[in-house]
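Q: First the structure, which I've put down as structure tokens, then a few questions once you've had a look.
The values are calculated or read from the model by the stated rules, or taken from the named source; none is laboratory data. Small disclaimer: the values here were computed from a predicted structure and weren't measured. So basically every Cβ, Gly included, is an ideal-geometry build from the backbone, and we count neighbours across all protein chains shown. Surface accessibility is based on the protein's heavy atoms, side chains included, excluding ligands, DNA and RNA. Shrake-Rupley method; radii C 1.70, N 1.55, O 1.52, S 1.80 Å.
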Amino acid sequence: MEIVLSGIRPTGNLHLGNYFGAVRSFVNMQHSYRCYFFIADWHSLTTHPRPENIKQSVKTILAEYLACGIDPEVATIYVQSDLTETLELYLYMNMNAYLGELQRVTSFKEKARKQPDNINAGLLTYPCLMAADILIHKAQHVPVGKDQEQNMEMARKFARRFNIMYETNYFPEPASFHFSEKAVKVPGLDGSGKMGKSEGNAIYLADDEKTIKKKIMKAVTDAGPKEPNSPKPEAVANLFALLDLVAERDTYQYFNEQYNRCTISYGDLKKQLAYDINLFCAPIRERIIQISSNEAELERVARIGLEKARAGASQTIKEVREILGFRF
Ligand code: ADP
Ligand code: TRP
């Protein structure tokens, strides 16, 4: 079975963008691939979060993953910092990564600009740790958004370099994976751009009905179409894009026709959208509440995930040590 791996940094609650852009793929893939999903808490240290925040965010994201339908008995779900085998591979990756190429990574340059007082070495070697995460399981497919493309190129480069240096074909080159033909971009509610935590325009899976309604009713629209079949301005197209993700086909078509005939009421469209988003989120929200309150179950899931992840990871380390010439 082919191996899929992906990680997500624990930086807050999951929103509809995370769900339709990434988590939905994980849920769908778990039955046809050997899947590893982990919570990238080491990677989050580059911004120096408080320990209590890390603790809480890891629990939150684990509960939300499970609530979305990732089955810990089928997929392997674990916390990055539990799988210490990765650290050894990270060290080896660092030895074959060069300062110049790491300094040229766009996300390093961006982060360095954003946090000029904290340009730490972890930020520089972020792609080495990410490559170690992937190569420790010899993953072939990595579902990630477009923003991770350069890190993925580095992972491929490090795998290739290791193979050439040690005259082996030990590591497969991991490919980015997009579940659907085109990458999904879930829009925000503020008229333009994507839904995101830092954009402050997100609907969270854990939001209650009232909050969802409030956020949708405040969404940006315009004065309405003046002529039949006119193109939709971005803000309105965004509401339709969200409706397309959560509503039944004929609901979408009904509002689309209303728009094309210039008889649309944005108030009704928003009410319907809030209704359908709530319908979609309600069962997930209930499961989040249920699962979050069961700390023992969260711990059990992290423990069985670690056991499964460790079985393969320790084998990789053993083999890599042999390749490098260390006695095992
Ligand atoms: P955020 O933008 O909220 O900080 P992250 O950058 O942590 O989210 O992204 C986690 C995952 O969710 C990534 O795989 C990313 O591609 C996906 N993702 C985030 N926002 C969206 C969106 N609006 N549309 C589609 N996918 C998204
Ligand atoms: N860098 C990824 C992000 O910011 C998170 C991540 C860490 C990851 N290690 C990974 C993703 C390995 C896929 C595979 O979203």
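Q: Only one residue in PHE171, PHE162 is over 19 Å from the mean Cα position of the chain (by Cα) and within 15 Å of ligand 2 (Cβ to nearest atom). Which one?
A: Going through PHE171, PHE162 in turn, the sole match is PHE171.
Q: Can you tell me which residues in the range 292-305 are more than 16 Å from VAL74 (Cβ to Cβ), in contact (Cβ under 8 Å) with a residue 60 or more places away in the chain and open to solvent by 30 Å² or more (accessible area, probe 1.4 Å)?
A: SER292, GLU295 - these are the residues of the range 292-305 that are more than 16 Å from VAL74 (Cβ to Cβ), in contact (Cβ under 8 Å) with a residue 60 or more places away in the chain and open to solvent by 30 Å² or more (accessible area, probe 1.4 Å).
Q: Is there a residue being in contact with a Leu (Cβ under 6 Å, 6 or more places away or on another chain), open to solvent by less than 10 Å² (accessible area, probe 1.4 Å), within 16 Å of ligand 2 (Cβ to nearest atom) and not polar (S, T, N, Q) anywhere in the range 29-37?
A: So far as the range 29-37 goes, no, none of its residues is in contact with a Leu (Cβ under 6 Å, 6 or more places away or on another chain), open to solvent by less than 10 Å² (accessible area, probe 1.4 Å), within 16 Å of ligand 2 (Cβ to nearest atom) and not polar (S, T, N, Q).
Q: Before we move on, is ASN201 at negative phi and assigned to a loop (DSSP other than H, G, I, E, B)?
A: Here the answer is yes, as ASN201 does meet what is asked.
For every residue, the table says whether it meets (1) in a loop (DSSP other than H, G, I, E, B); (2) assigned by TED's automatic domain parsing to the domain that holds TYR166; (3) buried (at least 20 other Cβ atoms within 10 Å of the Cβ); (4) of a type in the set (Asp, Glu).
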position: ASN53; (1), (2), (3), (4): no, yes, no, no
position: ILE61; (1), (2), (3), (4): no, yes, yes, no
position: ASP71; (1), (2), (3), (4): yes, yes, no, yes
position: VAL74; (1), (2), (3), (4): yes, yes, no, no
position: LEU102; (1), (2), (3), (4): no, yes, no, no
position: CYS128; (1), (2), (3), (4): no, yes, yes, no
position: ASP147; (1), (2), (3), (4): no, yes, no, yes
position: MET152; (1), (2), (3), (4): no, yes, yes, no
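Q: For the range 157-169, does any single residue satisfy the condition of being in the same structural domain as VAL105 (by TED's automatic domain parsing), part of a helix (DSSP H, G or I) and in contact with a helix residue (DSSP H, G or I) (Cβ under 7 Å, 6 or more places away or on another chain)?
A: Checking the range 157-169: at least one residue is in the same structural domain as VAL105 (by TED's automatic domain parsing), part of a helix (DSSP H, G or I) and in contact with a helix residue (DSSP H, G or I) (Cβ under 7 Å, 6 or more places away or on another chain).
Q: A further question on this structure: Going by the structure shown, is LYS308 of a type outside the set (S, T, N, Q), in the same structural domain as ASN169 (by TED's automatic domain parsing) and open to solvent by 40 Å² or more (accessible area, probe 1.4 Å)?
A: yes
Q: If you go through the range 192-217, how many residues are surrounded by fewer than 19 Cβ atoms within 10 Å (Cβ to Cβ), of a type in the set (Asp, Glu) and more than 9 Å from ligand 1 (Cβ to nearest atom)?
A: 2
Q: Still on this structure, please answer the following. Report every pair of residues separated by at least 6 positions or lying on different chains whose Cβ atoms are under 8 Å apart, first residue within the range 195-208 and outside the structural domain of ALA237 (by TED's automatic domain parsing), second open to solvent by 70 Å² or more (accessible area, probe 1.4 Å) and within 16 Å of ligand 2 (Cβ to nearest atom).
A: Every condition considered, the pairs that remain are LYS197/THR11.
Q: Then there is this: Any residue in the range 111-135 that's over 14 Å from THR47 (Cβ atoms): show its pairings with residues that are open to solvent by less than 20 Å² (accessible area, probe 1.4 Å) and in a loop (DSSP other than H, G, I, E, B) at Cβ separation under 8 Å, as long as the two are six or more apart or on different chains.
A: Cβ pairs passing all conditions: THR125/ALA97; PRO127/ALA97; PRO127/VAL105; CYS128/ALA97; ASP133/ALA40; ILE134/PRO174; LEU135/PHE171; LEU135/PRO174.
Q: Out of all the residues in the range 135-145, which are away from ligand 1 (no atom under 14 Å from the Cβ) and either under 19 Å from the mean Cα position of the chain (by Cα) or open to solvent by less than 30 Å² (accessible area, probe 1.4 Å) (or both)?
A: Hits for the range 135-145 are LEU135, ILE136, HIS137, ALA139, GLN140.
Q: Among the numbered criteria (1) open to solvent by 30 Å² or more (accessible area, probe 1.4 Å); (2) touching a Phe, Trp or Tyr at 6+ places or on another chain (Cβ under 7 Å); (3) not charged (D, E, K, R), which one does THR263 miss?
A: That leaves (2) as the condition not met.
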